[in-house]
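Every number here is computed from the coordinates shown, using simple stated rules; none is lab data. Fair warning: this is a prediction, and the values are worked out from it, not measured in the lab. Every residue, glycine as well, gets a Cβ built from its backbone with ideal geometry; the counts of neighbours run over all protein chains shown.
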Amino acid sequence: MASNAFRKELYVFERGPEGKPVMAVIRNYTERDFDGLIRIQQESFPPPFPSELWWTKEQLANHVHLFPEGALCVEIDGEPAASITGLVVDFDPSHAEHTWEEITDAGYIRNHKPDGNTLYIVDVSVRPMYRKLGLGKWLMQSMYEVVVQLKLERLLGGGRLPGYHEHADTMTAVQYAEAVLAGELRDPVMSFLLRCGRTPVKLVAGYLEDEDSLNYAMLMEWKNPFIR
């Protein structure tokens with residue numbers, strides 16, 4: 001484990017006025033968590049999502065050994081309830097086009113650059129039974145803290161547009177994203193990332209195979225406020 005290991009304890013709440021406090025721990029995940037992390041993937045992406053795209057133990061081992069600072073999970077009642085994974089890349093906003101597979105090394109992160117300028121989000125997953133607790137937002141906030149700790153310029157990642165297929169007959173992907181930004185439409189992923197403090201950088205076609213998004217994704221960033 002890296003010397004700057006991440007760990008914080010906090011109470012999370014179910015949405016609504018009746019939500020009771022639940023103790024959660026956000027920390028680096030380790031090899032002992034691998035089975036639980038794979039279970040998160042299985043529950044988050046059930047069939048017909050292809051099982052070969054769930055995390056493998058080889059991928060998780062790379063996350064833990066190549067960039068442990070970017071491998072975080074939320075633990076509730078002693079087991080992982082959600083996870084987020086990242087790597088460090090060199091990002092040039094003037095050459096923003098890329099696919100998820102090439103920038104994350106298909107999730108293996110062997111292209112992690114310790115001297116890069118950007119923390120890139122590979123994946124965020126929350127077990128369905130815990131999704132009312134806002135764990136995804138807490139994980140994103142924790143990754144912002146990693147960005148500040150490592151003195152990186154930004155956090156970046158591609159957000160799917162899973163609501164776009166419902167409007168693709170009447171508007172382009174650009175028009176759809178603009179409608180989400182204007183508050184005229186709500187997208188499950190893009191709207192979530194906006195609420196997390198992320199801002200749009202570029203709409204990318206062919207980002208990943210995703211029928212609901214028609215293969216589009218919106219690159220969205222959070223800039224380190226301590227770096228100009």
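Using DSSP to define loop residues, name the trypsin sites (Lys or Arg not before Pro) in the range 55-149 whose beta-carbon has at most 15 other beta-carbon atoms within 10 Å.
Working: sites: K57, R110, R131, K132, K137; in loops: R110.
When the trypsin sites (Lys or Arg not before Pro) of the range 55-149 are filtered for loop state and at most 15 Cβ neighbours within 10 Å, R110 remain.
Taking amide hydrogens as modeled 1.01 Å from N in the peptide plane, which residues meet the under 5 Å criterion relative to V88, leaving out close sequence neighbours?
Answer set, sorted by chain and number: K113, Y120.
Starting from the amide H of N215, placed 1.01 Å from N in the peptide plane, find each other amide H under 5 Å away whose residue is 5 or more places distant or on another chain.
D210
Out of P50, L139, Y11, whose Cα points farthest toward the positive end of the dipole of the range 1-152 (charges: +1 Lys, Arg; -1 Asp, Glu; placed on Cβ)?
Of the options given, the answer is Y11.
Which residues does the label zone of F49 cover in the range 98-120, counting backbone N under 19 Å from a point 7 Å along Cα→Cβ?
Correct set: 100-102, 104-109.
What number do you get for the range 72-228 when its Cα radius of gyration is normalised by 2.2 N^0.38 Å, N = residues?
Values: Rg = 15.5 Å, N = 157, 2.2 N^0.38 = 15.0 Å.
Relative to the rule-of-thumb radius for its length, the range 72-228 sits at 1.03.
May I ask you to evaluate 6.51 cos²θ - 1.76 cosθ + 1.60, the Karplus curve with θ = phi - 60°, for each residue of the range 55-68 and list the ³J(HN,Hα) values in order in whole Hz, giving x for glycine and proline?
Calculated HN-Hα couplings, in order: 4, 9, 5, 5, 4, 4, 4, 5, 4, 5, 8, 7, 8, x Hz.
Please report the relative contact order for the chain, taking Cα pairs under 8 Å with a sequence separation of at least 6, and give it as a percent rounded to a whole number.
Values: 411 pairs, mean separation 39.2, N = 228.
Relative contact order of the chain: 17 percent.
What is the range 43-167's relative contact order, in percent, from Cα pairs under 8 angstrom and six or more apart in sequence? It would help to have the intermediate numbers written out before the result.
Working: 162 pairs, mean separation 32.4, N = 125.
In percent, rounded to a whole number, it is 26.
Compute the signed sum of charges (Lys and Arg +1, Asp and Glu -1) over the other residues within less than 14 Å, Cβ to Cβ, of T170.
On the way: positive: none; negative: E166, D169, E178, E184.
Surrounding charge for T170 is -4.
Starting from the amide H of E221, placed 1.01 Å from N in the peptide plane, find each other amide H under 5 Å away whose residue is 5 or more places distant or on another chain.
The list, which skips near neighbours in sequence, is T199, V201.
Taking the convex hull of the Cα atoms, report for the range 1-49 its projected area averaged over all directions, in nm².
Working: hull surface 21.6 nm².
The Cα convex hull of the range 1-49, projected and averaged over all directions, gives 5.4 nm².
Give a residue-ordered list of calculated ³J(HN,Hα) values for the range 174-188 (Karplus: 6.51 cos²θ - 1.76 cosθ + 1.60, θ = phi - 60°; whole Hz; x for Gly, Pro).
So the Karplus estimates, Gly and Pro as x, are 4, 5, 4, 4, 5, 5, 5, 5, 7, x, 7, 10, 10, 10, x Hz.
Before rounding to the nearest 500, sum -39500 (n - 2.57) across all DSSP H runs of length at least 4 in the chain and divide by the residue total; then give [θ] at 222 nm in deg cm²/dmol.
Values: 6 runs with 56 residues, N = 228.
Taken over the chain, the calculation gives -7000 deg cm²/dmol.
In percent, how large is the relative contact order of the range 47-96, given Cα pairs closer than 8 Å and 6 or more residues apart? Don't skip to the answer; put the middle values down first.
Numbers: 28 pairs, mean separation 11.5, N = 50.
Answer for the range 47-96 is 23 percent.
With +1 on the Cβ of every Lys and Arg and -1 on the Cβ of every Asp and Glu, and nothing else charged, how large is the dipole of the range 1-152 about its Cα centre, in debye rounded to the nearest 20?
Details: 15 positive and 22 negative charges, 113 e Å.
With Lys and Arg at +1 and Asp and Glu at -1, about 540 debye.
Using the Karplus curve 6.51 cos²θ - 1.76 cosθ + 1.60 with θ = phi - 60°, what ³J(HN,Hα) values do you get for each residue of the range 43-49, in whole Hz, with x for Gly and Pro?
The phi angles translate into 7, 6, 10, x, x, x, 4 Hz.
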